[in-house]
Amino acid sequence: MQNKVLSITEKIVFSIVLLSLILTIILSIIAIPGAPTGDFVGNINDKTQSDYLLILVMGIPALIALFIPLFLKKVFKIDMPLPIIIIFEIFLFCAVVLGEYFSFYYRFGSWDNMLHFTSAVLLTYLSFSLVNVIVGEERVKRHPWMLLILSFAIAETLGIMWELTEFTMDGLWGLNSQKFMDGNGINLVGRQALMDTMGDIIVNSVGIVFALISGYYSLRHSQEFYNSLLIRNIKGEEVYENYASDGSVWFNK
């Protein structure tokens, strides 16, 4: 019953996020020619060509990433946990559609922190499966400290790599993914300019520690929550009915 509810929930979430991303990308492409160039000073509802370009740079990969669970399932016979898939899809919607297109990053000061915390938790939970592959599931259960150390290293490294990616994109294409400009297009200076990157790294670390504590606690006790987070190989005949990206929203299999 619980899996059925999760499956229906994922189908609804997937459809909403898919349509929202497609619409956001189309509207941004249409708006680029008429948008002002340079660092236009207006309000948070005003967007420059650079702002729309950032939406496309974020939105198109997000649209592709939406189908990663299907790709992993069909190509590598890997089944991702439904709760992680649902949170991942909501994360994409919050980051691109609400965050960039509707300027939630500027409207709500904690929006970026919330997303970084969520992504850190997701990456840490996903790293549990990678650690199990590297070390071995039974060995991890006997020595949980291996899970803590390796998962922290993996998730923290990925978080730092994302900050480097944002820095590179801003330098190459004149974007504002690191939010070194405020909603009015005014450059931040000094310590205030550093707060986005350093704040992201700090929040990322807090999210990792939170995920590690919850995973470690479950591993030392019932293990039900921990096991529900692990990516599994599909055994036997494949049945593509777990989540919406398999196409079952539109086609009967």
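The values are calculated or read from the model by the stated rules, or taken from the named source; none is laboratory data. As the structure is a prediction and not an experimental result, all values here were calculated from the model. Neighbour counts are summed over all protein chains in view; Cβ atoms, including those assigned to glycine, are modelled from backbone coordinates with ideal geometry. These accessible areas exclude ligands, DNA and RNA; they are computed on the full protein's heavy atoms, side chains included. Shrake-Rupley method; radii C 1.70, N 1.55, O 1.52, S 1.80 Å.
Would you pick out the residues in region 89-126 that are within 21 Å of Ile213 (Cβ to Cβ) and open to solvent by 30 Å² or more (accessible area, probe 1.4 Å)?
If the condition is that a residue be within 21 Å of Ile213 (Cβ to Cβ) and open to solvent by 30 Å² or more (accessible area, probe 1.4 Å), then Phe91, Asn113, Met114, Phe117, Thr118, Leu123, Leu126 are the ones that fit.
Is one or more of the residues making up region 43-53 touching a residue at least 60 places away in the same chain (Cβ under 8 Å) and either open to solvent by less than 40 Å² (accessible area, probe 1.4 Å) or hydroxyl-bearing (Ser, Thr, Tyr) (or both)?
Scanning region 43-53, I find at least one residue that is touching a residue at least 60 places away in the same chain (Cβ under 8 Å) and either open to solvent by less than 40 Å² (accessible area, probe 1.4 Å) or hydroxyl-bearing (Ser, Thr, Tyr) (or both), so the answer is yes.
Can you tell me which of Ala35, Ala31 is of a type in the set (Gly, Ala, Ser), modelled with pLDDT of 90 or more and open to solvent by less than 60 Å² (accessible area, probe 1.4 Å)?
Ala31
So which of Val203, Val209 ends up being assigned to a helix (DSSP H, G or I), β-branched (Val, Ile, Thr), touching a residue at least 60 places away in the same chain (Cβ under 8 Å) and open to solvent by less than 80 Å² (accessible area, probe 1.4 Å)?
Answer to the check: Val203.
For region 56-87, give me each residue that is of a type in the set (Lys, Arg), in a helix (DSSP H, G or I) and open to solvent by 70 Å² or more (accessible area, probe 1.4 Å).
Passing the criteria: only Lys74.
Do any helices (runs of 4 or more DSSP H) lying entirely in region 88-145 carry at least 1 residues that are touching a helix residue (DSSP H, G or I) at 6+ places or on another chain (Cβ under 9 Å) and closer than 22 Å to Lys47 by Cα, and which ones are they?
Per the criteria, 104-107, 111-135.
Any idea how many residues of region 189-200 are surrounded by fewer than 16 Cβ atoms within 10 Å (Cβ to Cβ) and touching a residue at least 24 places away in the same chain (Cβ under 8 Å)?
Residues meeting the conditions: 1.
How many residues, within region 196-224, are modelled with pLDDT under 90 and over 12 Å from His116 (Cβ atoms)?
6
I'd like to know if region 145-156 contains one or more residues that are under 28 Å from Ser50 (Cα atoms), open to solvent by 50 Å² or more (accessible area, probe 1.4 Å) and not small (Gly, Ala, Ser).
no
Taking region 15-28 as the region of interest, how many residues are touching a residue at least 40 places away in the same chain (Cβ under 8 Å) and farther than 13 Å from Ala62 by Cβ?
3
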